[in-house]
Amino acid sequence: MLERKLAEKFRKLYTENSLKLKNYEDQLFSIQDPFDWIQLLSERAYVMREVYAENEELMAELWENCSDEITPEEAELLYDLAIGFFFDGHHDFVVLTEFCERILPVFKDMDEPEFLVAIYHVLGTEYAKFYRSVGDKKGMQAALDYFRGSIAQVERYSQISSPEVREFIFQDYMLLITYLTGFHTDKAESIRLYDQVWALWDNENVQQLDAENGMISGYLSIIDDAFMAKSRNINLLSEADRDKYINLLGESYKRAKERDGAKEGSPDFRTCITYKWLRGDMESEVVLEKLIKSINEIIPKPDFTKDDPINFELVMRHFKYACTAIMILENMELTSEEIQSWSEKFMPTSMSVLAKIPYRFFTGDMQPVCEQWYHAAEPVISGELNKVQFIMEMIVRRQPFTYIHSQMVAKIATLIGQKILEEDPEIFVGIRGLETVEDIQKSKAYILSYITISGLVHDIGKCYIPDTINRQNRSLNTKEYATIRKHTEIGFKEAENNAALRPYADIILGHHKHYDGLHGYPLGCDNSGSKEKAIIDLISIADSMEAGTDTLTRSYTKDKDSEKLLKELKAEAGTRYNPKIVKIIDNSKELREELKHLTGQGRYDVYYRAMQDILGNTVEEIPII
Ligand SMILES: [Fe+2]
Ligand SMILES: [Fe+2]
């Protein structure tokens with residue numbers, strides 16, 4: 001039987017542990033002195049190890065003490081733990097989802113709207129955060145069902161005594177509507193919900209309780225905005241739904257117009273001109289000119305040194321204005337030159353705001369914004385190298401550990417690649433359509449840059465894995481592991497749809513599959529037919545060397561150096577690793593020395609530079625060796 005004392009102990013120690021690690025992470029992102037910074041890294045690695053072990057024990061103790069069938073008393077204790085974590089911003093996927101899923105049936109029996117709304121809300125938001133970016137439809141469907149569970153309690157709104165929990169209902173309407181219009185493009189349901197949520201807001205009891213709640217008005221304006229912005233596929237609606245949609249848009253247009261609709265550069269101004277454009281009342285060119293003027297001359301630039309919500313709002317406004325401009329451009333049936341010349345008028349300003357958002361600036365909220373900005377802007381960026389640079393800035397840089405890891409892999413792979421070109425260029429015959437050793441020798445510079453970029457983008461799929469997984473203070477559960485392993489397939493899908501990444505698609509998909517194809521993942525993946533097999537093998541070796549000597553992430557425990565790793569490479573040459581490449585490393589004392597330095601002391605230089613870059617402290621180009 002779980003007792004209060006044990007639940008309290010869990011809360012206290014688990015929270016302390018997570019704060020301890022958070023504190024290290026904060027310092028990691030703020031210490032300026034390179035030597036202090038390196039000292040901090042090794043201290044952090046030690047503490048991480050301790051915290052992991054202790055949290056494992058705490059979690060085991062908690063569940064051992066719970067009854068097989070959770071009692072209402074136990075459910076309340078677990079509820080307090082989970083909701084407490086949620087409100088404190090500890091987004092521990094296991095604590096939040098496993099606890100809430102186990103207590104949900106108990107509270108369903110008790111039928112208390114307040115508990116139900118809170119549990120559904122926590123489950124919905126955590127699932128959505130976890131599954132949305134990896135594009136997992138089943139997981140997202142579960143999230144949406146939890147939100148539906150929450151708003152199903154709407155009839156008993158006045159019975160909910162906690163204002164925060166009442167707020168959840170509006171937030172859940174907002175999330176449902178945004179996700180439905182965005183992810184599933186199910187507009188019919190979101191039209192119904194849009195209707196409902198405004199009726200709820202107009203309800204007398206609701207007004208009496210919450211008219212003054214600014215958070216709710218915030219959610220309502222986001223609902224208006226999402227509803228308007230996602231109007232691209234309006235033709236897919238039935239005629240009745242379309243009429244209803246246009247009517248509802250008209251209402252949100254009226255509200256926006258009454259607020260700041262006439263003021264150029266305001267959020268409402270964009271809503272108003274977009275509505276006029278949708279209705280066909282304003283020409284595309286005219287709307288574009290107005291958007292461009294606001295972007296370049298009117299909307300102030302955010303100050304990234306201040307964590308002020310005003311700056312957050314300014315980033316969002318720049319983002320939305322630019323996205324609307326791109327949406328309109330895409331609707332105009334223009335030639336690529338025309339698109340180019342339009343986008344040159346606003347992209348430089350938007351890029352200077354959006355591509356340089358430092359990692360520490362509203363971290364969690366900015367990640368999806370950067371992803372969306374990348375996807376919206378990518379088609380109008382020209383040149384392969386620019387596109388890769390843009391990917392690094394918008395996506396990979398948002399995940400510091402992946403970013404740093406990728407820089408290391410790129411450097412290790414390029415070093416080994418140089419030696420292969422000197423010693424046994426035949427290994428590369430067949431890659432990039434180069435069919436003879438002479439072809440290879442003529443294209444050395446190109447091959448090296450191909451290897452470097454392969455290293456930089458090989459884990460691009462990791463950027464779509466929720467960042468919370470990387471920062472857990474315990475071992476991962478099976479759902480989390482399964483999700484991490486998806487990074488190869490997610491990255492591959494991304495690469496297939498993206499001209500700049502397409503040359504690297506096989507490397508992104510195959511770098512965790514063993515040389516002989518018998519082990520590793522993804523299960524069905526067969527590298528043997530790939531023209532780039534030699535590069536896949538090279539990246540796989542560089543990846544193992546870097547992961548095995550890394551001091552930043554969860555693999556730190558191994559604490560090896562590159563010489564020890566070479567022994568492992570040799571032991572698995574021919575099965576896991578390409579034996580020819582292993583031989584090249586083994587035979588060259590010079591290369592081994594270089595690798596030993598790079599994966600030893602040398603890595604701190606790479607780490608530190610990458611960290612400064614993430615913080616937005618340098619204006620240096622992304623280092624392409
Ligand atoms: Fe990987
Ligand atoms: Fe990797």
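The values are calculated or read from the model by the stated rules, or taken from the named source; none is laboratory data. A quick note: this is a predicted structure, and the numbers were derived from the prediction, not measured. Cβ placement follows ideal geometry from the backbone for every residue including glycine, while neighbour counts extend to all protein chains displayed.
Give all pairs with beta carbons closer than 9 Å in which a residue from the range 87-106 that is under 16 Å from residue 62 (Cα atoms) meets a residue that is in a helix (DSSP H, G or I) and charged (D, E, K, R); count only pairs at least 6 apart in sequence or on separate chains.
Between residues of the range 87-106 that are under 16 Å from residue 62 (Cα atoms) and residues that are in a helix (DSSP H, G or I) and charged (D, E, K, R), the close pairs are 94/479; 94/480; 96/126; 97/126; 97/479; 100/126; 103/74; 103/76.
Do we find a residue being modelled with pLDDT of 80 or more, among the polar types (S, T, N, Q) and either crowded, with 21+ Cβ neighbours inside 10 Å or more than 14 Å from ligand 2 (Cβ to nearest atom) (or both) anywhere in the range 375-383?
no
If residue 383 satisfies every condition in (1) small (Gly, Ala, Ser); (2) closer than 16 Å to residue 461 by Cα; (3) away from ligand 1 (no atom under 16 Å from the Cβ) but one, which is the exception?
Residue 383 satisfies all of (1) small (Gly, Ala, Ser); (2) closer than 16 Å to residue 461 by Cα; (3) away from ligand 1 (no atom under 16 Å from the Cβ) except (2).
Out of the range 398-451, which residues are hydroxyl-bearing (Ser, Thr, Tyr), surrounded by fewer than 17 Cβ atoms within 10 Å (Cβ to Cβ) and without any contact (Cβ under 8 Å) to a residue 12 or more places away in the chain?
Answer for the range 398-451, where residues must be hydroxyl-bearing (Ser, Thr, Tyr), surrounded by fewer than 17 Cβ atoms within 10 Å (Cβ to Cβ) and without any contact (Cβ under 8 Å) to a residue 12 or more places away in the chain: just 436.
Quick check, is residue 395 on the phi < 0 side of the Ramachandran plot, more than 16 Å from ligand 2 (Cβ to nearest atom) and touching a helix residue (DSSP H, G or I) at 6+ places or on another chain (Cβ under 8 Å)?
No.
Which pairs have Cβ atoms under 8 Å, sit 6 or more apart or on different chains, and link a residue in the range 505-520 that is within 12 Å of ligand 2 (Cβ to nearest atom) to one that is of a type in the set (Phe, Trp, Tyr)?
508/492; 512/521
In the range 532-602, which helices (runs of 4 or more DSSP H) lie fully inside it and hold 3 or more residues that are of a type outside the set (Phe, Trp, Tyr), in contact with a strand residue (DSSP E or B) (Cβ under 9 Å, 6 or more places away or on another chain) and closer than 14 Å to residue 427 by Cβ?
Output list reads 533-549, 579-587.
Under 6 Å between Cβ atoms, at least 6 apart or on separate chains: pull out the pairs that start in the range 23-51 with a residue that is more than 15 Å from residue 551 (Cβ to Cβ) and end on any residue that is modelled with pLDDT of 80 or more and polar (S, T, N, Q).
Pairs that qualify, where the first residue is more than 15 Å from residue 551 (Cβ to Cβ) and the partner is modelled with pLDDT of 80 or more and polar (S, T, N, Q), are 51/17.
When you look at residue 495, is it surrounded by fewer than 22 Cβ atoms within 10 Å (Cβ to Cβ), closer than 26 Å to residue 378 by Cβ, within 16 Å of ligand 2 (Cβ to nearest atom) and of a type outside the set (S, T, N, Q), yes or no?
In short, no.
Among 122, 134, 95, which is closer than 30 Å to residue 21 by Cα, of a type in the set (A, V, I, L, M, F, W, C), modelled with pLDDT under 90 and surrounded by 22 or more Cβ atoms within 10 Å (Cβ to Cβ)?
After applying the criteria, what remains is 95.
Counting just the residues of the range 289-339 that are in contact with an Asp or Glu (Cβ under 6 Å, 6 or more places away or on another chain) and not hydrophobic (A, V, I, L, M, F, W, C), which one comes out surrounded by the most Cβ atoms within 10 Å (Cβ to Cβ)?
Checking each candidate, the answer is 294.
What is the residue count in the range 364-386 for residues that are in contact (Cβ under 8 Å) with a residue 60 or more places away in the chain and closer than 30 Å to residue 92 by Cα?
4
Which one is modelled with the lowest pLDDT among residues in the range 148-180 that are crowded, with 23+ Cβ neighbours inside 10 Å and hydroxyl-bearing (Ser, Thr, Tyr)?
That would be 173.
Mind checking which residues of the range 429-480 are more than 16 Å from ligand 2 (Cβ to nearest atom), among the β-branched types (Val, Ile, Thr) and in a helix (DSSP H, G or I)?
431, 437, 440, 447, 468, 478
Considering only the range 352-366, how many residues are in a helix (DSSP H, G or I) and surrounded by 19 or more Cβ atoms within 10 Å (Cβ to Cβ)?
Result for the range 352-366: 3.
Scan the range 75-88 and tell me whether some residue there is buried (at least 21 other Cβ atoms within 10 Å of the Cβ), farther than 26 Å from residue 157 by Cβ and more than 29 Å from the chain's Cα centre (by Cα).
yes
Which condition from (1) more than 16 Å from ligand 1 (Cβ to nearest atom); (2) modelled with pLDDT of 90 or more; (3) in contact with a helix residue (DSSP H, G or I) (Cβ under 9 Å, 6 or more places away or on another chain) is the one that residue 520 breaks?
Here residue 520 clears every test but (1).
Kindly indicate which of 544, 528, 562, 540 is over 15 Å from residue 455 (Cα atoms), small (Gly, Ala, Ser) and in contact with a helix residue (DSSP H, G or I) (Cβ under 9 Å, 6 or more places away or on another chain).
Exactly one residue qualifies, and that residue is 562.
So, in the range 398-428, of the ones that are β-branched (Val, Ile, Thr) and at pLDDT 95 or above, which residue ends up nearest to residue 458 (Cα to Cα)? Steps first, answer last, please.
Pass one, the range 398-428, residues β-branched (Val, Ile, Thr): 402, 404, 409, 412, 414, 416, 420, 427.
Restricting the remaining residues to those that are at pLDDT 95 or above gives 409, 412, 414, 416, 420, 427.
Numbers: 409: 9, 412: 13, 414: 13, 416: 16, 420: 20, 427: 20 Å.
Residue satisfying both the conditions and the ranking: 409.
Does residue 540 qualify as being more than 13 Å from ligand 1 (Cβ to nearest atom), surrounded by 15 or more Cβ atoms within 10 Å (Cβ to Cβ) and either more than 30 Å from residue 53 (Cβ to Cβ) or at pLDDT 90 or above (or both)?
no
Give the residue, chosen from 453, 440, 484, that is within 16 Å of ligand 1 (Cβ to nearest atom) and in contact with a Phe, Trp or Tyr (Cβ under 9 Å, 6 or more places away or on another chain).
Answer to the check: 453.
Keeping to the range 397-428, report how many residues are in a helix (DSSP H, G or I) and farther than 30 Å from residue 367 by Cα.
Selection size over the range 397-428: 13.
Whether any residue in the range 406-415 is touching a helix residue (DSSP H, G or I) at 6+ places or on another chain (Cβ under 9 Å), closer than 27 Å to residue 352 by Cα and more than 16 Å from ligand 2 (Cβ to nearest atom) is what I want to check.
no
Table: residues versus (1) surrounded by 18 or more Cβ atoms within 10 Å (Cβ to Cβ); (2) of a type outside the set (Ser, Thr, Tyr).
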residue: 8; (1), (2): no, yes
residue: 14; (1), (2): yes, no
residue: 22; (1), (2): no, yes
residue: 28; (1), (2): no, yes
residue: 31; (1), (2): no, yes
residue: 42; (1), (2): no, no
residue: 49; (1), (2): no, yes
residue: 55; (1), (2): yes, yes
residue: 61; (1), (2): no, yes
